[in-house]
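Following: one structure in structure tokens, then a few remarks.
The values are calculated or read from the model by the stated rules, or taken from the named source; none is laboratory data. Since the structure is predicted, the reported quantities are computational estimates derived from the model, not experimental observations. Cβ placement follows ideal geometry from the backbone for every residue including glycine, while neighbour counts extend to all protein chains displayed.
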Ligand SMILES: *Cc1c(COP(=O)(O)O)cnc(C)c1O
């Protein structure tokens with residue numbers, strides 16, 4: 001598409017070059033009345049007047065001001081944006097705690113199958129036996145991996161799973177006739193944990209980490225009492241370390257009548273090797289969009305199933321898919337004392353379809369191998385990067401390794417964020433920076449099992465070049481201005497957080 005053509009067609013003469021460079025106009029700026037990229041198929045059911053469907057006070061007089069663009073402009077717009085993006089399909093994405101692994105395309109093929117993708121969630125169970133079977137089999141697979149008795153597939157993501165788990169915890173205590181007010185969380189916890197505890201109506205009790213980066217067992221024993229509803233743990237924790245005292249932790253909490261919640265967002269480190277149920281956990285959430293092959297980031301759909309022990313199963317959200325063994329048919333069932341639904345319909349179903357495809361193709365041995373390779377890769381990287389940065393904890397890690405830019409900062413004024421930005425210039429995605437908070441100037445790398453040793457080597461070499469850039473005077477200042485080779489240079493993160501503009505006003509002149 002040449003600029004001339006676009007102008008002749010009445011569109012705004014885009015000042016954006018085809019790749020990189022200046023700003024890409026929004027779809028609203030590209031919009032011209034009457035242009036269409038898609039048309040609704042002709043209806044094959046009787047039309048219902050809008051007035052019968054939408055209450056008067058919910059209707060608007062004017063249609064919403066949506067962008068009107070041709071298919072050609074739409075495709076070009078998103079293709080241009082995609083060329084300015086970094087993604088898991090492009091290269092290594094070692095963003096710690098996020099498990100940005102490559103997602104096999106086979107799973108997308110399954111999720112796109114007509115018999116799965118086009119089924120209406122309200123279709124009666126007798127027409128959707130295949131879907132119900134899929135959901136029941138996924139629940140069984142997840143219970144096998146976690147060592148739990150039953151699971152809900154409804155929650156939309158990890159944080160939604162956490163809230164579901166806390167509501168289950170609350171319902172369970174209430175059923176025992178107990179009022180408890182607080183939930184324990186280690187100081188290394190993922191940020192969603194304290195947020196979920198608060199949203200679940202509990203007070204957060206923080207326990208410190210010990211020298212080894214694990215829960216301080218003595219400090220834990222001091223805070224556990226009969227006001228504690230439970231503890232939320234992720235194991236391996238956010239430092240990538242396995243909580244070796246987990247059995248003692250479980251005993252301490254259970255003896256006080258509390259429950260153990262397992263934040264299983266990072267199951268990639270342990271699946272097929274050790275089960276949260278065997279460690280003493282009562283409630284487990286999994287991030288299918290991290291571990292089980294759904295691409296994530298950028299707000300796409302996820303799934304955060306919650307698995308529980310048999311004691312908690314009657315409280316699970318409903319309706320649940322079940323198999324009636326006698327008639328060999330599937331149906332929906334409300335658990336006896338359900339906390340109620342936590343998602344409309346049955347959750348993000350196509351994410352669930354991808355997860356079952358991934359689990360079946362790998363099998364138990366394959367899933368175990370995924371975890372083993374994820375841990376091997378993280379340790380390979382830990383040893384390589386330990387030559388460049390401070391190592392947070394001198395011991396083998398699990399699926400991710402935490403380093404620190406503390407020495408670089410002292411000697412050259414280079415912070416973890418500068419290293420991360422420098423890596424963008426090298427063609428890699430950045431690691432997680434400044435988290436976990438308990439490590440000074442943290443750099444958290446999670447290479448995942450899907451990267452080859454060649455890619456890991458290239459990543460380590462890229463880090464070496466970035467650190468060399470920091471060490472050269474007066475070039476050190478140069479790293480403060482990285483990245484230089486990306487479409488968007490260094491952004492002002494403080495401004496971005498303080499002056500958040502999350503809406504776009506499409507009225508002419510409104511955005512000026
Ligand atoms: C990613 C993550 C979460 C949150 O999951 P979302 O799907 O983003 O809500 C929670 N805990 C840990 C340890 C995580 O890594």
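Tell me the strands (runs of 3 or more DSSP E) entirely within the stretch 220-325 that contain at least 2 residues that are within 16 Å of the ligand (Cβ to nearest atom) and modelled with pLDDT of 95 or more.
Details: elements: 228-233, 259-264, 283-286, 306-308, 320-324.
Those strands (runs of 3 or more DSSP E) span 228-233, 259-264, 283-286, 306-308.
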Out of (1) in contact with a strand residue (DSSP E or B) (Cβ under 7 Å, 6 or more places away or on another chain); (2) within 15 Å of the ligand (Cβ to nearest atom); (3) at pLDDT 95 or above, the odd one out for residue 190 is which?
(3)
Could you name every one of the helices (runs of 4 or more DSSP H) located completely within the stretch 399-512 that has at least 3 residues being at pLDDT 95 or above and surrounded by fewer than 19 Cβ atoms within 10 Å (Cβ to Cβ)?
453-471
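Residues checked against (1) more than 14 Å from residue 316 (Cα to Cα); (2) away from the ligand (no atom under 16 Å from the Cβ); (3) surrounded by fewer than 21 Cβ atoms within 10 Å (Cβ to Cβ):
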{"site": "115", "(1), (2), (3)": "yes, yes, yes"}
{"site": "146", "(1), (2), (3)": "yes, no, no"}
{"site": "165", "(1), (2), (3)": "no, no, no"}
{"site": "174", "(1), (2), (3)": "yes, yes, yes"}
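Considering only the stretch 205-216, state which residues are surrounded by fewer than 16 Cβ atoms within 10 Å (Cβ to Cβ) and either within 14 Å of the ligand (Cβ to nearest atom) or outside any loop (DSSP other than H, G, I, E, B) (or both).
From the stretch 205-216, those surrounded by fewer than 16 Cβ atoms within 10 Å (Cβ to Cβ) are 206, 208, 210-212; that's our starting set.
Listed by number, the list holds a single entry, 206.
Can you report the number of residues in the stretch 189-202 which are outside any helix (DSSP H, G or I) and loosely packed, with under 15 Cβ neighbours inside 10 Å?
Step one: filter the stretch 189-202 for residues outside any helix (DSSP H, G or I), giving 189-191, 200-202.
If we keep only those that are loosely packed, with under 15 Cβ neighbours inside 10 Å as well, we get 191, 201.
The qualifying residues number 2.
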Check residue 79 against each of (1) outside the structural domain of residue 356 (by TED's automatic domain parsing); (2) outside any helix (DSSP H, G or I) and name the one condition it does not meet.
(2)
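May I ask you to list the residues in the stretch 365-398 that are in a loop (DSSP other than H, G, I, E, B), over 18 Å from residue 212 (Cα atoms) and touching a strand residue (DSSP E or B) at 6+ places or on another chain (Cβ under 9 Å)? Let's see the steps before the verdict.
Here is the first cut: in the stretch 365-398, the residues in a loop (DSSP other than H, G, I, E, B) are 386-389, 392-398.
Then drop every residue that is not over 18 Å from residue 212 (Cα atoms), which leaves 387-389.
Once the filter is applied, which keeps residues that are in a loop (DSSP other than H, G, I, E, B), over 18 Å from residue 212 (Cα atoms) and touching a strand residue (DSSP E or B) at 6+ places or on another chain (Cβ under 9 Å), the stretch 365-398 yields 388, 389.
So which helices (runs of 4 or more DSSP H) stay within the stretch 99-168 end to end and still have 3 or more residues that are in contact with a helix residue (DSSP H, G or I) (Cβ under 7 Å, 6 or more places away or on another chain) and within 25 Å of residue 432 (Cβ to Cβ)?
Details: elements: 105-111, 114-117, 129-146.
The helices (runs of 4 or more DSSP H) meeting that bar number zero.
Taking the options 96, 161, name whichever one is within 16 Å of the ligand (Cβ to nearest atom) and not assigned by TED's automatic domain parsing to the domain that holds residue 319.
Numbers: 161 fails: not assigned by TED's automatic domain parsing to the domain that holds residue 319.
Matching residue, one of 96, 161: 96.
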Scan the stretch 269-288 residue by residue and report those that are under 21 Å from the mean Cα position of the chain (by Cα) and over 16 Å from residue 306 (Cα atoms).
269, 270, 272
Condition broken by residue 353, with the remaining ones in (1) in contact with a helix residue (DSSP H, G or I) (Cβ under 9 Å, 6 or more places away or on another chain); (2) closer than 16 Å to residue 448 by Cα satisfied:
(2)
Those residues that are modelled with pLDDT under 95 and crowded, with 23+ Cβ neighbours inside 10 Å, I need them from the stretch 378-397; list them, please.
392, 397
